[in-house]
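Participant: My structure is below; once you've seen it, I'll send some questions.
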Amino acid sequence: MKPVISIDYNAVKSLKSGDVKSFDHLFRKYSQRLYKFSMSYLKSEEESREIVQDVFLYIWESRENLKPECSFNAYLFTIAYSRVKKYFLRKLRDNHARDELIYSLLKQENNLDRVVDFRSLLEKVEQIILQFPERRQQIFLKRKYEGWPVKQIAEEFGISPNTVENHLAAAMKQLREELRRNNISELLFWMFFLPDNE
């Protein structure tokens, strides 16, 4: 039985070797799809264009790590989703921006229950994080809010990557348990805090 080859195998293989034409081909093929995907979350043309540019910049800079045999389409959208998630997290760190986002969701969705649930979730998550032991809180914020790699966090605090992973696992477990205890929907929790796949 022949192995399944990705539809973009040849283009990605050439891109992996630094071929600019292959990069341009993949950009033309996927940029509009990524833009529409980003717009569905961000509702902002400017921010959506920035997501597309950021994703393809990341693709170019990390081209040597590409795997031509794997789905390039799935890889692209995984990165884009991660960027969208980080965009929201950056905005939610500022109270004024958070209120604007909630108002925007209310206008777009016309669904008060969803917005109230969204607000409750964000406020509860912030309260739970503040209850973490200091080191666990610092590690969680650097990983989930600032996007630091586990290895970089380990070096920053002078601990092993396994210890960092243990802190993160404990933090995620505590968050899930507290949300269940308060009957708050986990939908947005999973959206924002699932591990990155890049």
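The values are calculated or read from the model by the stated rules, or taken from the named source; none is laboratory data. Small disclaimer: the values here were computed from a predicted structure and weren't measured. Methodologically, a virtual Cβ is constructed for each residue, glycine included, from the backbone with ideal geometry; neighbour enumeration extends over all protein chains shown. All accessible areas refer to the heavy atoms of the entire protein, side chains included, with ligands and DNA or RNA removed. Shrake-Rupley method; radii C 1.70, N 1.55, O 1.52, S 1.80 Å.
Participant: Could you check the stretch 58-74 and list, in sequence order, the residues that are buried (at least 19 other Cβ atoms within 10 Å of the Cβ) and more than 12 Å from TYR9 (Cβ to Cβ)?
Facilitator: ILE59, the sole residue that qualifies.
Participant: So the check is Cβ under 7 Å with 6+ separation or different chains; which pairs have a first residue in the stretch 38-64 that's modelled with pLDDT under 95 and a second one that's outside any helix (DSSP H, G or I)?
Facilitator: Correct list of pairs: ARG63/GLY18.
Participant: Could you list, in sequence order, all residues of the stretch 147-162 that are farther than 24 Å from VAL84 by Cα, open to solvent by 50 Å² or more (accessible area, probe 1.4 Å) and outside any loop (DSSP other than H, G, I, E, B)?
Facilitator: Matches in the stretch 147-162: GLU155, GLU156, PRO161, ASN162.
Participant: I need a count of the residues in the stretch 46-73 that are among the small types (Gly, Ala, Ser) and farther than 14 Å from TYR30 by Cβ.
Facilitator: 1
Participant: Something else about it: Taking the stretch 1-37 only, how many residues are open to solvent by less than 70 Å² (accessible area, probe 1.4 Å), part of a loop (DSSP other than H, G, I, E, B) and either at pLDDT 90 or above or aliphatic (A, V, I, L, M) (or both)?
Facilitator: 2
Participant: Further, regarding this structure: Give the stretch 122-137 a look and list any residue that's open to solvent by less than 60 Å² (accessible area, probe 1.4 Å) and either modelled with pLDDT of 85 or more or β-branched (Val, Ile, Thr) (or both), or say none.
Facilitator: Of everything in the stretch 122-137, those that are open to solvent by less than 60 Å² (accessible area, probe 1.4 Å) and either modelled with pLDDT of 85 or more or β-branched (Val, Ile, Thr) (or both) turn out to be VAL125, ILE128, ILE129, PHE132, ARG136, GLN137.
Participant: In addition: Looking only at the stretch 128-158, which residues are within 21 Å of the chain's Cα centre (by Cα) and among the aromatic types (Phe, Trp, Tyr)?
Facilitator: PHE140, TYR145, TRP148
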